[in-house]
1. Only bridges whose two residues both fall in chain A count here: according to DSSP, what percent of them are antiparallel, nearest 5?
2. I need the Debye-formula profile for the stretch A:1-160: one equal scatterer per C-alpha, no solvent, reported as log10 I(q)/I(0) at q = 0.09, 0.10, 0.16 1/Å, two decimals.
3. Quick check: Cα centre of the stretch A:36-51 to Cα centre of the stretch A:309-384, how many Å?
4. About the Cα centre, and with charges only on the beta carbon of Lys, Arg (+1) and Asp, Glu (-1), how big is the dipole of chain A? Nearest 20 debye, please.
5. Compute the distance from the alpha-carbon center of the stretch A:403-482 to that of the stretch A:169-201, in whole Å.
6. Take A:Asn430 and A:Glu341, extend 7 Å from each Cα along the Cα→Cβ direction, and tell me the distance between the two endpoints in nm.
7. What's the tally of Lys pairs in the stretch A:333-482 whose alpha-carbon atoms lie under 13 angstrom apart, where the two lysines are 8 or more places apart or on different chains?
8. Within 10 Å, count the other beta carbons around each residue, average over each peptide in A:476-482, A:355-361, A:268-274, and list them highest first.
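Nothing in this text is a laboratory measurement; each read-out follows from the coordinates by a stated rule. Computed from a prediction, not measured in an experiment: that's the story for all the values here. No Cβ is skipped: glycine too gets one built from the backbone with ideal geometry, and neighbour counts run over all protein chains shown.
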Amino acid sequence: MKERRVGLPDLPDVGEGTVVLRFAPNPNGLLSFGHSRGLIINSEYAKAHNGTLILRFDDTDTIQKAPLLSAYEKIEEEVEWLTGLKPKIIIASERMEYYHKHAVQLLEMDGAYICLCSGDEFKEIRKNKQECSHRHQDIEENLDLWMQMKDGRLKPGDAVMRVKTDMTLPNPALRDWPAFRIQDTKTNPHPRPNIGSRWRVWPLLDFQSAVEDHLQNVTHIIRGKDLMDSTRKQLLLYDKFGWEYPTTIYWGRVKIHEYGGFSTSQIRRDIESGKYSNWDDIRLPTIASMRRKGMNAEALKAFWIELGLTQKDISVPLSSLFSHDTKIIDIKTPRISFVREPKSLELVGGELPASITVPSHPEHSNFKPRIIDLSTKIIMVEKADIDEALSKSNKFRLKDLADIEITDGKAIITSIDSAGGLRIIHWVANGKETNLYYNEDDGINCQKGILENHSHPIGTQVQLERIGYAVIEETGLVLSHN
RNA sequence: GCUCGCGUAGUGUAGCGGCCCAUCAUGAAGCCCUCUCGAGGCUUCGACCCGGGUUCAAAUCCCGGCGCGAGCACCA
């Protein structure tokens, strides 16, 4: 039997120098679940090779995916939470000089031209493997047009800079791809105050990313296979500059059963319109939301490492992620009782003590035990359990308390010690009315119930016995998962 | 339409010429343990997309088919 490989495959092409990887989100919103893959895979390799992780903000679109000023710091914090690493920060919008410098250099090498075709016109030309007239402008003309793009004589939509590849390339995506376009930053200023309306001519992803990867000595690019053609475009650019392209690795598409299609832009609009309360709304597939619900960074890490780097498109249920999380949180969550649809029962008979002490965890004694006052002799149990009592057996074991027999709303104690063989149910004495919130089909459900009195601070993750894990918040409980 | 990529149990994943009547996890079923329907332990179930070829030998290499996905934006 061959040995089973565990964890991530070895990183290929690890040379003498330091390994440099990057994670490059658009700060038009906070990180979503999907981002965590790129972050974890790249950071794990960086850690394994004692290399560098670059967090690069690709904030070069001020119109369609305008950056969110507050996202920069928050993403940085999310990255540290998720990876445990302090990444090197690069902000594309603050590095425009470099991109412009390389643009001019490329024009001077006759490796690019300013194209005045409309998008539709060029689409047709590309499809037919033709060349547009602008392709044959001489270098001086191109440099002049570049100036016109920069100084405002050419308006957004009038011109783009295209990298001269080959219009007969079999892959249509690679034919003279666009590298720079004009954005009206007077009416749509960049939200970073030091950038604002300073630039009109902005690089597109393929150019900006390619140049920056070279400038940062990125050694490995690991990303989704939807960016394969992007690599091929960038390779053509690297050839012109005589640079060596990093090693690239791709992963396939992942779909989570429970998550529909969503985009950061859409989430942002929905938050702004009030559909969602914020980035940590429990319905959202964001890192902020998952964190709020108690998800562990380690679970996310284990989950993505398990999926690995295959290029096949996969679809996984959320329960697969939760099973990793359960393993991590089970030992560190104190147990507490929460009764949904409570029905009260009066305890009758038996030698009932005034209070009992119950452990907060079945195996670990590092939690303070719970002391439960029984002086009122009234307890609450779940309606579903009572219903079962009516239909099947009316005998139960109240967990950690007593064997009982239910008749007419009374719980007659038959034994304090467990006689065994009885169904064990949970209960609450002296609880507080509390709401348990959980998301289901893009809606928030609220389950009312009685939560056992406790002294856990806000933010504590607990296990609601027989129900699942939840986080205690100011306004109630938020279900993690069961 | 053109281009690229991918197809191993229900879901993920390992293996990438002989060690494979195929790994591990998850899931389902059952049992054990436990004063939770949680955790833990054990058992069982279940897969190499199809068809050719190469080879003494193919999940693994080649070709064809089929299926799935992505790119062809003045988004990232």
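1. Bridges in chain A are about 70 percent antiparallel.
2. -0.49, -0.59, -1.01
3. Cα centroid of the stretch A:36-51 versus Cα centroid of the stretch A:309-384: 36 Å apart.
4. Value, rounded to 20: 240 debye.
5. So the separation of the two Cα centres works out to 55 Å.
6. Each label point is offset 7 Å from its Cα along the Cβ direction, giving 2.9 nm.
7. 7
8. On the way: A:476-482: 20.4, A:355-361: 14.9, A:268-274: 12.7.
Ranked by mean Cβ neighbours within 10 Å, highest first: A:476-482, A:355-361, A:268-274.
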